[in-house]
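Peer 1: Handing you this structure, nothing more for now.
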């Protein structure tokens with residue numbers, strides 16, 4: 001990290017850096033803030049059936065409620081990263097923590113028979129994640145350096161990837177014992193603790209001559225319209241009909257908004273997505289593969305829904321299949337850090353994605369007997385966790401280490417936008433494939449499925465949706481091989 005004398009743009013004094021360098025209180029607060037999204041908000045991947053039954057909503061709306069948090073996080077994460085650079089990363093982080101508490105309250109208090117509280121709460125949780133993710137990454141770069149920063153990134157990754165690993169088991173356990181609403185009451189408590197740990201941190205922001213320049217509202221509006229319309233298309237297309245007037249209108253709106261977005265961002269000096277960042281191939285490879293690998297989160301939703309619908313497991317029993325995933329990812333994130341230090345980012349990123357692909361492939365084997373599939377799935381989730389553990393720190397460090405210091409907030413925002421949008425679209429597309437094919441009468445491949453025959457449609461639909469997740473992981477491998485240089 002540069003000293004103040006070398007970089008006057010940063011409002012972090014040398015004494016502050018000395019005081020907070022390697023500060024574990026700050027790091028704990030940051031990790032707990034990250035967990036509010038990846039652990040508590042992502043529990044919907046497993047407890048969606050219980051929420052759906054309690055609130056009396058249909059499966060299509062339930063699928064949208066699951067994916068919409070990551071969608072809104074992705075839409076606004078770059079904006080909040082840029083705001084953190086300009087008005088203060090600590091302020092934006094604390095704002096995100098407060099928003100999470102509000103969103104969690106709305107979800108926990110959702111009345112039966114209505115979806116409005118749930119949807120509003122999930123949207124606010126998405127805005128919360130948009131505040132927390134880029135600003136906390138920028139704080140890590142501001143207050144940690146060298147090996148200490150890599151250690152801090154590893155713990156940040158434990159909160160992120162580890163939280164995503166624990167969410168299914170945690171959510172299932174809570175939902176099966178005291179009820180799914182308690183997940184979000186607990187999230188409020190964690191938010192309060194995180195807020196208290198971070199609130200006295202000295203502010204970190206960029207002092208620039210153009211700090212008061214106008215914001216790119218036109219670009220953001222076009223981006224929001226394109227993202228929301230494509231999510232509606234994915235979530236409602238099979239229900240309303242792909243050639244219905246409404247869906248066709250959404251297609252037109254998406255195309256026009258996407259074209260407008262690229263034209264606006266290419267011509268504006270203050271574009272909220274700076275395409276020039278992608279001139280660095282390492283940053284491009286890390287961000288693109290991050291989008292694709294996060295898209296594989298659909299594996300969790302589809303597999304756990306399959307064993308609940310097809311094999312009659314409870315949400316807690318289903319969550320137990322991911323125990324190896326949680327253990328593996330927590331055990332291997334620091335290994336990924338060591339591999340980064342030894343090899344550079346390319347090899348551990350490729351190795352991690354390859355192991356993840358094998359793990360997803362094992363979850364695709366839905367033609368087996370239920371007990372055989374559960375064994376294959378448990379092994380598959382364990383490999384999934386090992387792969388993500390190898391990938392997480394090298395990818396994040398590669399993204400942060402290859403951008404100028406005064407752009408780190410925006411760059412981190414784009415990187416985390418890739419995470420959120422990848423998860424949103426991966427889950428939405430996986431759910432759409434699974435839901436759409438589950439209602440079809442599959443007659444051509446019945447002989448491939450052994451055991452019960454009354455659930456073949458659900459098993460076939462799950463296999464198709466999981467193969468989509470495998471495809472995204474293979475594309476991630478190709479992207480890394482093409483863009484990330486062989487030398488460290």
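Peer 1: For the stretch 460-488, give me each residue that is more than 25 Å from residue 342 (Cα to Cα), over 19 Å from the mean Cα position of the chain (by Cα) and touching a residue at least 40 places away in the same chain (Cβ under 8 Å).
Peer 2: Hits for the stretch 460-488 are 460, 462, 463, 467.
Peer 1: Would the stretch 375-394 turn up any residue that is modelled with pLDDT of 95 or more, within 29 Å of residue 234 (Cβ to Cβ) and surrounded by fewer than 24 Cβ atoms within 10 Å (Cβ to Cβ)?
Peer 2: yes
Peer 1: From the list 277, 301, 292, 365, which one is within 30 Å of residue 81 (Cβ to Cβ), surrounded by fewer than 22 Cβ atoms within 10 Å (Cβ to Cβ) and in contact with a helix residue (DSSP H, G or I) (Cβ under 6 Å, 6 or more places away or on another chain)? Working first, answer last.
Peer 2: On the way: 301 fails: surrounded by fewer than 22 Cβ atoms within 10 Å (Cβ to Cβ); 292 fails: surrounded by fewer than 22 Cβ atoms within 10 Å (Cβ to Cβ); 365 fails: within 30 Å of residue 81 (Cβ to Cβ).
The match here is 277.
Peer 1: Give the residues of the stretch 151-197 that are without any contact (Cβ under 8 Å) to a residue 40 or more places away in the chain and either within 17 Å of residue 37 (Cα to Cα) or buried (at least 24 other Cβ atoms within 10 Å of the Cβ) (or both), sorted by residue number.
Peer 2: 189
Peer 1: Got a sec? Which of 350, 383 is within 28 Å of residue 147 (Cβ to Cβ), assigned to a helix (DSSP H, G or I) and more than 15 Å from the chain's Cα centre (by Cα)?
Peer 2: Working: 383 fails: within 28 Å of residue 147 (Cβ to Cβ).
Sole residue among the options that is within 28 Å of residue 147 (Cβ to Cβ), assigned to a helix (DSSP H, G or I) and more than 15 Å from the chain's Cα centre (by Cα): 350.
Peer 1: Let me ask something else. All but one of (1) crowded, with 19+ Cβ neighbours inside 10 Å; (2) farther than 22 Å from residue 334 by Cα; (3) modelled with pLDDT of 80 or more hold for residue 206; which doesn't?
Peer 2: For residue 206, the failing item is (3).
Peer 1: Do we find a residue being more than 18 Å from the chain's Cα centre (by Cα), outside any loop (DSSP other than H, G, I, E, B) and at pLDDT below 90 anywhere in the stretch 245-261? Steps first, please.
Peer 2: Filtering the stretch 245-261 for residues more than 18 Å from the chain's Cα centre (by Cα) gives 245-261.
From the residues that got through so far, the ones that are outside any loop (DSSP other than H, G, I, E, B) too are 245-261.
The next check asks that each one be at pLDDT below 90; those that pass are none.
Within the stretch 245-261, none of the residues are more than 18 Å from the chain's Cα centre (by Cα), outside any loop (DSSP other than H, G, I, E, B) and at pLDDT below 90.
Peer 1: Is it fair to say residue 95 is within 19 Å of residue 156 (Cβ to Cβ), free of Cβ contacts under 8 Å to residues at least 60 places away in the same chain and either surrounded by fewer than 24 Cβ atoms within 10 Å (Cβ to Cβ) or in contact with a helix residue (DSSP H, G or I) (Cβ under 9 Å, 6 or more places away or on another chain) (or both)? Reasoning before the result, please.
Peer 2: Values: within 19 Å of residue 156 (Cβ to Cβ): yes; free of Cβ contacts under 8 Å to residues at least 60 places away in the same chain: yes; either surrounded by fewer than 24 Cβ atoms within 10 Å (Cβ to Cβ) or in contact with a helix residue (DSSP H, G or I) (Cβ under 9 Å, 6 or more places away or on another chain) (or both): yes.
Spelling it out, residue 95 is indeed within 19 Å of residue 156 (Cβ to Cβ), free of Cβ contacts under 8 Å to residues at least 60 places away in the same chain and either surrounded by fewer than 24 Cβ atoms within 10 Å (Cβ to Cβ) or in contact with a helix residue (DSSP H, G or I) (Cβ under 9 Å, 6 or more places away or on another chain) (or both).
Peer 1: When residues of the stretch 395-416 are filtered for being at pLDDT below 75, within 19 Å of residue 146 (Cβ to Cβ) and under 17 Å from the mean Cα position of the chain (by Cα), how many remain?
Peer 2: Adding up the residues that qualify gives 1.
The values are calculated or read from the model by the stated rules, or taken from the named source; none is laboratory data. As the structure is a prediction and not an experimental result, all values here were calculated from the model. No Cβ is skipped: glycine too gets one built from the backbone with ideal geometry, and neighbour counts run over all protein chains shown.
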